[in-house]
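Novice: Quick one: the structure is below, and I'll ask about it shortly.
The values are calculated or read from the model by the stated rules, or taken from the named source; none is laboratory data. For clarity, every value in this text was computed on a predicted model and none was experimentally measured. Reconstructed Cβ throughout: ideal geometry from the backbone, glycine too, with neighbour counts over all protein chains shown.
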Amino acid sequence: MIDHVEVAWRCSCPSRKLPCKHSLALLLMWARGLVAEQVRPQGVGAWIDARDARSVAGAAAPDADSSSAADSGEPAAGDRNGSGSGDGSSDSTGPPARDDLTQSRDERVARMMAGLVELDRWLEDRMCNGLSDPALARYATWDDLAARLVDARAGALANRVRRLAGLVGAGPDWHSDVLAELAILHLISQAGQRLPELPSALGDAAATASGWQVRQAEVLAGVPDTDDWFVAGRSDTREDRIEVRRLWLYGQHTQSWVMLLSFAAYQQVLDDSFAVGTVVRGDMHRYPGGSLRALAGSREPDPIVLHAPGTLPGFGLTVSGACSHIGRAVAAQPWLDRLAVTVAAAPTFHAGRWVLGDATGALPLLADERSLASLLAASCGTDAVVTVEWTPRGLIPLAVHLADRTLDVGPRADPSFTGARR
Amino acid sequence: MSVEALWRELVTAALLGTNRREPPELPPGPLADVVADAMPPSPAARLLASVGAVAAARRAAFVPLPPAAALQPAIRDARPFCSTPAVASWREVIAEWPVLEDEWLLTVVERGYRLAPDVLVEMLQRHRTDPVRWARVALAGGPLALWITEHVPSLAAASKREPPVDAVTTLPDLAMPPELAELLALDAHTFVGRLLPGFESLQFGASHKAVLVNLLARCRADVLVDTADELGRIGYGLAFAMSDLCRLRHRMLTQLTGVPLA
């Protein structure tokens, strides 16, 4: 948000440069006449009113304001009467009061940066002592680190660390898997410490991967992608004590993917408002950085069942085409864990494991028995159009698109854990 | 040196730790440049930077395995899949009134449909310890059922003994007292006239539920709508439940036969 009258700004990004590039860009766009006149959004109105109220209070008690700002010793970015304004007259009330929200955000950024530095130090210690260190086999080693990351407000990294703990000793090649995950942690940590230097989209993505939380209201205030969204697949996974549902939606016109997340603790119900195989016309608000993750905005109430979804443009890639698609996405954000893609390929058994293959190659499948059997039954051993979720360890089949229906074959939450919706 | 060979070398170095062994130098190239740009101050930081660069390259540049030979496909089955609403009804049947499942399955076979792939798998798994029902599923699934059990042996019947053909193709009788069994062949008007007083006078209670369920699961299909309407009007728990059973059975048969029943 920008107040162009008295030049103040407020942004949800974690940048420590004030004003941040988003605020400057918005101001420049306004100066060039690229911001349309419209009714003041509610959030902006509340911000201006709060600033007006503070400004009146500041005028009544200039001494108090003066001392609080002096104590803080911080620039008054975001304050309507503050420095950074080109208007000297606004300094008449003395040094500005610091915006509480900005202060809390700065504290959060500082905490997170400290957490990232500490994480990198911890990773270096692991490199010094080696992966053969018996401490790695103790869950407490990982849990302590995860707890410190939670304290540092880097919850996403803490989740990664907890998942990583499960890889230790999980297979004959676990050292390689653990090292790859430690490498990703290092990359996120490095990117997180250099946010202001990164290109805008990558910086936002790195901030999100580090655990920077964006409020839903802020995501929903962004410009949505409006499209006919085909609900192409669903997967449920248990993460710690939470069941996580990922819904993968494919925009028929934008030919792009979005992912909707929902969560359920014990005996809570997962979101089942999107049925696999249907099309919903509506808005999807992406998280910052062109993220795959989005929030559903307004949408038409009645989804329609899509027949022959295999004929959608951009659907039914070859296996090598899917690898290129995934490779491009991972090159842009190496910490990506999951990505949906739709391939036209047949399941087959090769070298002791199930793979999904065609004439251009094969990729390993990572499916439970029910998913695999449903995939086999739907394909009858021939090519089928399948939406899969790529993970570094293999493909998880989510849905098979037949001529007249879509079969949801993705992993399902344990019904004894999640509550049943009646 | 390939990225994979380089990665294996880094894994070995990371396994031992830099306290015991110096990290390997990356061969000249873009990855080595990335590490040099990071200016790592210690051997551990250098190893970490190398691991990060190589892991990112390895992830982004992954290639598929060589093409694999396709499976021998299942023998083609010309029968159409049962419809999506019929599948939805089956899910409702197994959740609410499993007594109707045999009739659902036999109607699928009788009407010349085959089981949709996801239903086939769920049914094979569900009935693997019941030889008669498993054989019925195999009949409705056709050649695909046998093909799938060859590839996923855990879906095969637990018992190798084949059940009698009659048992597989015939709707099993359900237990009920003679005075209720008499109602099975009656038309809608007479059926409702004979059944309803028992509900209205509260003569039927929870202890009668099992036999009433059996009656309504086997009565003529053309009595279901009237019976459901009349039971729904009575307004107490058991009558509502029986009304629900009648409606589900009616819907299930309409979907599978394609003919709206009376």
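Novice: Might you let me know whether region A:154-168 holds any residue that is touching a Ser or Thr at 6+ places or on another chain (Cβ under 9 Å), outside any helix (DSSP H, G or I), over 26 Å from B:GLU9 (Cα atoms) and free of Cβ contacts under 8 Å to residues at least 60 places away in the same chain?
Specialist: The answer is yes, given that some residue of region A:154-168 is touching a Ser or Thr at 6+ places or on another chain (Cβ under 9 Å), outside any helix (DSSP H, G or I), over 26 Å from B:GLU9 (Cα atoms) and free of Cβ contacts under 8 Å to residues at least 60 places away in the same chain.
Novice: Might you check whether a residue that is in contact (Cβ under 8 Å) with a residue 60 or more places away in the chain and outside any helix (DSSP H, G or I) occurs anywhere in region B:226-238?
Specialist: No, region B:226-238 has no match at all.
Novice: Restricting to region A:395-405, and then to whatever is within 27 Å of the chain's Cα centre (by Cα) and within 11 Å of another protein chain (Cβ to nearest Cβ), can you tell me which residue is surrounded by the most Cβ atoms within 10 Å (Cβ to Cβ)?
Specialist: Applying the filter and picking the extreme gives A:ALA399.
Novice: Okay, next question. Taking the conditions exactly as written (closer than 29 Å to A:PRO334 by Cβ and more than 8 Å from every other protein chain (Cβ to nearest Cβ)), does A:VAL355 satisfy them or not?
Specialist: The answer is no for A:VAL355.
Novice: Of the residues B:ARG126, B:ARG91, which single one is in contact (Cβ under 8 Å) with a residue 12 or more places away in the chain and more than 9 Å from every other protein chain (Cβ to nearest Cβ)?
Specialist: B:ARG126
Novice: Moving on to the next point. Taking A:ARG281 as the residue in question, decide whether it is under 20 Å from A:ARG234 (Cα atoms), basic (Lys, Arg) and crowded, with 17+ Cβ neighbours inside 10 Å.
Specialist: Against the criterion (under 20 Å from A:ARG234 (Cα atoms), basic (Lys, Arg) and crowded, with 17+ Cβ neighbours inside 10 Å), A:ARG281 does not qualify.
Novice: Quick one: is B:THR107 on the phi < 0 side of the Ramachandran plot, more than 11 Å from chain A (Cβ to nearest Cβ) and under 21 Å from the mean Cα position of the chain (by Cα)? Can you show your working first?
Specialist: Values: on the phi < 0 side of the Ramachandran plot: yes; more than 11 Å from chain A (Cβ to nearest Cβ): yes; under 21 Å from the mean Cα position of the chain (by Cα): yes.
Yes, satisfied.
Novice: Among the residues of region A:383-394, are any touching a helix residue (DSSP H, G or I) at 6+ places or on another chain (Cβ under 7 Å), facing chain B (nearest Cβ under 7 Å), within 16 Å of B:PRO117 (Cβ to Cβ) and buried (at least 18 other Cβ atoms within 10 Å of the Cβ)?
Specialist: No, the conditions are met nowhere in region A:383-394.
Novice: Here is a follow-up. May I ask you to list pairs of residues, at least six apart or on different chains, whose Cβ atoms are under 9 Å apart, with the first in region B:7-23 being more than 7 Å from chain A (Cβ to nearest Cβ) and the second being of a type in the set (Gly, Ala, Ser) and not in a helix (DSSP H, G or I)?
Specialist: So the pair list comes out as B:ALA13/A:GLY130; B:ARG21/A:GLY130.
Novice: Additional query: Out of (1) in contact with a Cys (Cβ under 8 Å, 6 or more places away or on another chain); (2) touching a residue at least 60 places away in the same chain (Cβ under 8 Å), what's the single condition that is false for B:PHE191?
Specialist: Result: B:PHE191 fails condition (2) only.
Novice: Test B:PRO178 against the stated conditions and say whether it is within 25 Å of B:GLN255 (Cβ to Cβ) and out of contact with any Cys (no Cβ under 9 Å at 6 or more places or on another chain). Can you show your working first?
Specialist: Values: within 25 Å of B:GLN255 (Cβ to Cβ): no; out of contact with any Cys (no Cβ under 9 Å at 6 or more places or on another chain): yes.
It is false that B:PRO178 is within 25 Å of B:GLN255 (Cβ to Cβ) and out of contact with any Cys (no Cβ under 9 Å at 6 or more places or on another chain).
One line per residue, one yes/no per condition, for (1) outside the structural domain of B:LEU245 (by TED's automatic domain parsing); (2) exposed (fewer than 14 other Cβ atoms within 10 Å of the Cβ); (3) assigned to a loop (DSSP other than H, G, I, E, B):
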| site | (1), (2), (3) |
| --- | --- |
| B:PRO28 | yes, yes, yes |
| B:ALA53 | yes, no, no |
| B:ALA68 | yes, no, yes |
| B:PRO85 | yes, yes, no |
| B:TRP90 | yes, no, no |
| B:ASP102 | yes, no, no |
| B:VAL109 | yes, no, no |
| B:VAL121 | yes, no, no |
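Novice: Quick check, is A:VAL244 under 20 Å from A:ARG338 (Cα atoms) and at pLDDT below 95?
Specialist: yes
Novice: Give the residues of region A:254-281 that are under 22 Å from A:ALA308 (Cβ atoms), of a type in the set (Gly, Ala, Ser) and touching a Phe, Trp or Tyr at 6+ places or on another chain (Cβ under 9 Å), sorted by residue number.
Specialist: A:SER256, A:GLY277
Novice: I'd like the residue in region B:33-60 that is more than 9 Å from chain A (Cβ to nearest Cβ) and among the aliphatic types (A, V, I, L, M) and, out of all such residues, is nearest to A:VAL117 (Cα to Cα).
Specialist: Top of the filtered list is B:MET39.
Novice: When you look at A:ARG370, is it in a loop (DSSP other than H, G, I, E, B), of a type in the set (D, E, K, R) and out of contact with any Cys (no Cβ under 6 Å at 6 or more places or on another chain), yes or no? Steps first, answer last, please.
Specialist: Details: in a loop (DSSP other than H, G, I, E, B): no; of a type in the set (D, E, K, R): yes; out of contact with any Cys (no Cβ under 6 Å at 6 or more places or on another chain): yes.
Against the criterion (in a loop (DSSP other than H, G, I, E, B), of a type in the set (D, E, K, R) and out of contact with any Cys (no Cβ under 6 Å at 6 or more places or on another chain)), A:ARG370 does not qualify.
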